[in-house]
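J.: Sharing a structure below in structure tokens format, with a few things to ask.
The values are calculated or read from the model by the stated rules, or taken from the named source; none is laboratory data. Everything numeric here is computed off the predicted structure, so don't read it as measured data. Methodologically, a virtual Cβ is constructed for each residue, glycine included, from the backbone with ideal geometry; neighbour enumeration extends over all protein chains shown.
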Amino acid sequence: MAATTTRVAPADKHDVRRRALAESALRTLGELGYAKASLREIANNSEFSHGVVHYYFADKLELIVFGVRMYKETCVTRYDGVVAASGTAAELLDAFAEKLVETIEDEAPMHRLWYDLRAQSMFEESLREAVGQIDRTLEEMIWRVVTRYAELAGAEPAVAAHAAYGVLDGIFQQGLLGHLNGDAADPLGDLRREVRAVLPLMLRR
């Protein structure tokens, strides 16, 4: 009997290739930052040629936005897993704080790139729509954590979604900065403690 092969649609192959290129580019961008990296330099610091990168992405902006959106979508599923696996408010609080620390320990350059891109969007109009969409996705993710925490605690949220996101994102960014700067103190330990202290304050008893 002749062996059968699985055909991959051209559109699927194209998407797989774009994702592989974006993953490679993100590693370079996480080190260089948005402003310093041209499309050619991104290619030079990856296993792909400039021509291949340019075939799949029109410019640096398209590549970076695609890659960061892809990365943040993965991040969201991790926290949704924490929400689904937690059976008590205390479990969710501890697991959420630990996941925030873990992602800084494992993927600090990617988070640094995101904050760089978000800051650049205040100056580059071409970035604003994509950054706004990613920001809303992250806000929604944080809100799922807060509302599930409230449900498990038998309470109601005392803050709006954007306020919860702003507070927790600020704490996360401070932990990231301390970690990247090599602070002699314990920035990630501070992150754990601050999340555990702040999240209960977001509930109306």
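J.: When residues of region 169-205 are filtered for being part of a loop (DSSP other than H, G, I, E, B) and of a type in the set (D, E, K, R), how many remain? Please lay out each step first, then the result.
T.: Kept after step one, since they are part of a loop (DSSP other than H, G, I, E, B), are these residues of region 169-205: 181-186, 205.
From what's left, of a type in the set (D, E, K, R): 183, 186, 205.
Going through region 169-205 one residue at a time, the tally reaches 3.
J.: Also: Can you tell me which of Gln133, Gln174 is of a type in the set (S, T, N, Q), exposed (fewer than 14 other Cβ atoms within 10 Å of the Cβ) and out of contact with any Leu (no Cβ under 6 Å at 6 or more places or on another chain)? Break it down into steps so the answer makes sense when it comes.
T.: Values: Gln174 fails: exposed (fewer than 14 other Cβ atoms within 10 Å of the Cβ).
The conditions single out Gln133.
J.: Would you mind stating whether Val53 is at pLDDT 80 or above, over 21 Å from the mean Cα position of the chain (by Cα) and among the hydrophobic types (A, V, I, L, M, F, W, C)? Working first, answer last.
T.: Values: at pLDDT 80 or above: yes; over 21 Å from the mean Cα position of the chain (by Cα): yes; among the hydrophobic types (A, V, I, L, M, F, W, C): yes.
Yes; evaluated as a whole, the condition is true for this residue.
J.: Now, a different point. Residues of region 84-96 being within 18 Å of Val198 (Cα to Cα) and crowded, with 19+ Cβ neighbours inside 10 Å, which ones? Spell out the reasoning first.
T.: Keep residues of region 84-96 that are within 18 Å of Val198 (Cα to Cα), which gives 88-96.
Hits for region 84-96 are Ala89, Leu92, Leu93, Phe96.
J.: Okay, moving on. Looking at Tyr115, Tyr79 in this structure, which one is touching a helix residue (DSSP H, G or I) at 6+ places or on another chain (Cβ under 8 Å), modelled with pLDDT under 95, within 27 Å of Glu41 (Cα to Cα) and hydroxyl-bearing (Ser, Thr, Tyr)? Give the steps one after another, and end with the answer.
T.: Numbers: Tyr79 fails: within 27 Å of Glu41 (Cα to Cα).
Testing whether each residue is touching a helix residue (DSSP H, G or I) at 6+ places or on another chain (Cβ under 8 Å), modelled with pLDDT under 95, within 27 Å of Glu41 (Cα to Cα) and hydroxyl-bearing (Ser, Thr, Tyr) leaves just Tyr115.
J.: Okay, next question. Determine whether region 109-126 contains at least one residue that is within 18 Å of Gln173 (Cα to Cα), surrounded by fewer than 17 Cβ atoms within 10 Å (Cβ to Cβ) and without any contact (Cβ under 8 Å) to a residue 40 or more places away in the chain.
T.: yes
J.: Quick one: which of Glu156, Glu102, Glu91 is in contact with a strand residue (DSSP E or B) (Cβ under 9 Å, 6 or more places away or on another chain) and at pLDDT 95 or above?
T.: On the way: Glu102 fails: in contact with a strand residue (DSSP E or B) (Cβ under 9 Å, 6 or more places away or on another chain); Glu91 fails: in contact with a strand residue (DSSP E or B) (Cβ under 9 Å, 6 or more places away or on another chain).
Of Glu156, Glu102, Glu91, the one residue that is in contact with a strand residue (DSSP E or B) (Cβ under 9 Å, 6 or more places away or on another chain) and at pLDDT 95 or above is Glu156.
J.: To continue, here is another question. If a residue has to be over 24 Å from Pro187 (Cβ atoms), under 17 Å from the mean Cα position of the chain (by Cα) and not charged (D, E, K, R) to count, how many in region 135-161 make the cut?
T.: First pass over region 135-161, keeping only residues over 24 Å from Pro187 (Cβ atoms): 136-137, 140, 143-144, 147-148, 150-161.
Adding the requirement that they be under 17 Å from the mean Cα position of the chain (by Cα) leaves 136-137, 140, 143-144.
Filter once more, keeping what is not charged (D, E, K, R): 137, 143.
Summing the residues that are over 24 Å from Pro187 (Cβ atoms), under 17 Å from the mean Cα position of the chain (by Cα) and not charged (D, E, K, R) in region 135-161 gives 2.
J.: Just for region 173-195: of the residues that are among the polar types (S, T, N, Q) and out of contact with any Phe, Trp or Tyr (no Cβ under 8 Å at 6 or more places or on another chain), which one is nearest to Ala95 (Cα to Cα)?
T.: Just the residues of region 173-195 that are among the polar types (S, T, N, Q), to begin with: 173-174, 181.
In the following step, the residues that additionally are out of contact with any Phe, Trp or Tyr (no Cβ under 8 Å at 6 or more places or on another chain) were identified as 174, 181.
Numbers: Gln174: 19, Asn181: 25 Å.
So the residue we want is Gln174.
J.: Mind counting the residues in region 76-100 that are closer than 25 Å to Val131 by Cβ and touching a residue at least 60 places away in the same chain (Cβ under 8 Å)?
T.: Within region 76-100, residues that are closer than 25 Å to Val131 by Cβ and touching a residue at least 60 places away in the same chain (Cβ under 8 Å) number 7.
J.: Identify, by number, the condition in (1) in contact with a helix residue (DSSP H, G or I) (Cβ under 8 Å, 6 or more places away or on another chain); (2) outside any helix (DSSP H, G or I) that Ala58 doesn't meet.
T.: (1)
J.: Same structure again: Do we find a residue being in contact with a Ser or Thr (Cβ under 7 Å, 6 or more places away or on another chain), surrounded by 14 or more Cβ atoms within 10 Å (Cβ to Cβ) and part of a helix (DSSP H, G or I) anywhere in region 144-162? Step through it out loud before you land on a result.
T.: Here is the first cut: in region 144-162, the residues in contact with a Ser or Thr (Cβ under 7 Å, 6 or more places away or on another chain) are 152, 157.
Now restrict to residues that are surrounded by 14 or more Cβ atoms within 10 Å (Cβ to Cβ): 152, 157.
Keeping just the survivors that are part of a helix (DSSP H, G or I) gives 152.
Yes, some residue in region 144-162 is in contact with a Ser or Thr (Cβ under 7 Å, 6 or more places away or on another chain), surrounded by 14 or more Cβ atoms within 10 Å (Cβ to Cβ) and part of a helix (DSSP H, G or I).
J.: Right, next: Sort out which residues of region 35-69 are charged (D, E, K, R), free of Cβ contacts under 8 Å to residues at least 40 places away in the same chain, surrounded by fewer than 17 Cβ atoms within 10 Å (Cβ to Cβ) and over 13 Å from Ala20 (Cβ atoms), and write them in order of number.
T.: The initial filter retains those residues of region 35-69 that are charged (D, E, K, R), namely 36, 40-41, 47, 59-60, 62, 69.
Next, from what is left, pick out any that are free of Cβ contacts under 8 Å to residues at least 40 places away in the same chain: 36, 40-41, 47, 59-60, 62.
Then drop every residue that is not surrounded by fewer than 17 Cβ atoms within 10 Å (Cβ to Cβ), which leaves 36, 40-41, 47, 59, 62.
Listed by number, the residues that qualify are Lys36, Arg40, Glu41, Asp59, Glu62.
J.: Can you find even one residue in region 22-33 that is over 21 Å from Ser121 (Cα atoms), polar (S, T, N, Q) and not in a helix (DSSP H, G or I)?
T.: Step one: of region 22-33, the residues over 21 Å from Ser121 (Cα atoms) are 23-24.
With polar (S, T, N, Q) added as a condition, the list becomes 24.
Still in the list and also not in a helix (DSSP H, G or I): none.
Among the residues of region 22-33, not one is over 21 Å from Ser121 (Cα atoms), polar (S, T, N, Q) and not in a helix (DSSP H, G or I), which makes the answer no.
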